[in-house]
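Here the structure comes first, spelled out in structure tokens, and everything after it is commentary.
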Ligand code: 3NM
């Protein structure tokens, strides 16, 4: 996947694991795909998260749904799982494995890195994309850094760093366009899709907002 294709795939990046769902994760993912998500990250974290064989089995099921629908499948944090599943990529945080070692293990697959300021972005120039957050208040990540709005996205763009960016944290249909206008290629969303009464409609509403103000 080249940079243009990745930028396009990042438009509506749905992130989820079983603790984020009120319905069955396979149903949530299937409905989110029908609503128009463009990329998926399996993030099995938080209270009640599956481990071991159960985590692996759920990852396989979700990857199968992604493959059938040509949605790239990214694994959060767990580089060994990403390699075992031949996932399309992996996403790592600042506290996870360093990007150099991830890159060495995973080769030319997609590597995303969470960054919270310009300095971290400059240290992670081997990344294929940056996840910048938390943009808005979120209840999903217990150890989230302080909320900073869209300012870090603007700073990275002003520094003429061209790596694709997704904003994350508290993003909904109502505020997604602000993130794109600040210079992001897309938005990463957990709760606004995974816990919506109608998952398909929630995804479609966010996708519509992004398409309306996209640079393309
Ligand atoms: N990472 P929701 S915020 C997984 O700031 C994650 O890096 C963040 O969930 C960061 O869409 C976050 O439910 C949680 O707010 C996003």
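None of the figures in this text is laboratory data; all of them are computed from the coordinates on show. The structure displayed is predicted, hence computed values, not measured ones. Note: ideal-geometry Cβ built from the backbone for every residue, glycine included; neighbour counts use all protein chains shown.
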### Query
At residue 27 and residue 105, where each label point lies 7 Å from the Cα along Cα→Cβ, what is the point-to-point distance in nanometres?
3.5
### Query
Can you give the FRET efficiency for residue 122 and residue 174, using 1/(1 + (r/R0)^6), R0 = 22 Å, r = Cβ-Cβ distance, to the nearest 0.05?
0.10
### FRET E, pair residue 201, residue 157, Förster distance 30 Å, beta-carbon r, rounded to 0.05
0.45
### Summary
Under Stokes-Einstein, the chain at 10 °C and 1.306 mPa s, with its Kirkwood radius over C-alpha pairs, diffuses with a coefficient in µm²/s of 94
### Query
Sorted by packing (mean other beta-carbon atoms within 10 Å per residue), highest first, where do 42-52, 137-147 land?
42-52, 137-147
### Query
By how many nm would the segment from residue 145 to residue 34 lengthen if fully extended, with 0.36 nm per residue of separation less the alpha-carbon distance?
36.7 nm
### Query
Given 0.36 nm per residue, what is the gain on full extension from residue 61 to residue 211 after removing their alpha carbon distance, in nm?
51.1 nm
